Amino acid sequence: VPLQASGGGLVQAGGSLRLSCVASGSMFSSNNMGWYRQSPGNQRELVARITTRGGTAYADSVKGRATISRDNAKNTVYLQMNSLKSEDTAVYYCNAVRSSNTNIQYWGQGTQVTVSS
């Protein structure tokens, strides 16, 4: 399930972005999907995740500002980010974990999000 993330860019504080991550292959719907981010000097952290059944979870730092969703027909997971803050600046990565075997996981290449204050 190689992953291709897109949608990052430069946005002003208070603005919005929608990140997309397209998976190749036929097993997308069998994977729990997640968005992570990493800023310089910091560890990669979970932003949001969505299960195969559509259950979602969010980091406290983005609750109320982020929405993760998936479209299994398009093999795509989205992350809508609103009310962006400078601290949201990071490289955002999508992640897929096979629900039946958590040893099988994939990472996308990352997309840069820069929020200017």
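Observations on the model:
- Per atom type, the chain shows carbon and sulfur on 45% of its accessible surface, probed at 1.4 Å.
- The chain: proportion of alpha-carbon pairs further apart than 18 angstrom, %: 45 percent
- Residues in region 11-27 carry Karplus couplings, in order, of 9, 6, 4, x, x, 9, 9, 10, 8, 10, 9, 9, 9, 9, x, 10, 9 Hz; the curve used is 6.51 cos²θ - 1.76 cosθ + 1.60 with θ = phi - 60°, and Gly or Pro positions show x.
- For N31, nonlocal amide neighbours, meaning residues 5 or more places apart or on other chains whose placed amide H falls under 5 Å from its own, are S99.
- Computed over the Cα atoms of region 57-108, pair by distinct pair, the Kirkwood hydrodynamic radius stands at 12.9 angstrom.
- Taking label points 7 Å from Cα along the Cα-to-Cβ direction, S100 and N82 give a separation of 3.8 nm.
- Highest mobility in the GNM of the chain, judged by mean-square fluctuation with C-alpha springs under 10 Å and restricted to N95, N32, N42, is found for N42.
- A simple spin-label model places pseudo-atoms 7 Å from Cα toward Cβ; at L46 and N72 they are separated by 2.1 nm.
The values are calculated or read from the model by the stated rules, or taken from the named source; none is laboratory data. Bear in mind the structure is a predicted one, so any value in this text is a computation, not a measurement. Glycine also receives a Cβ, built like all others from the backbone with ideal geometry; neighbour counts cover every protein chain displayed. Ligands, DNA and RNA are excluded from the accessible area calculation, which covers all protein heavy atoms including side chains. Shrake-Rupley method; radii C 1.70, N 1.55, O 1.52, S 1.80 Å.
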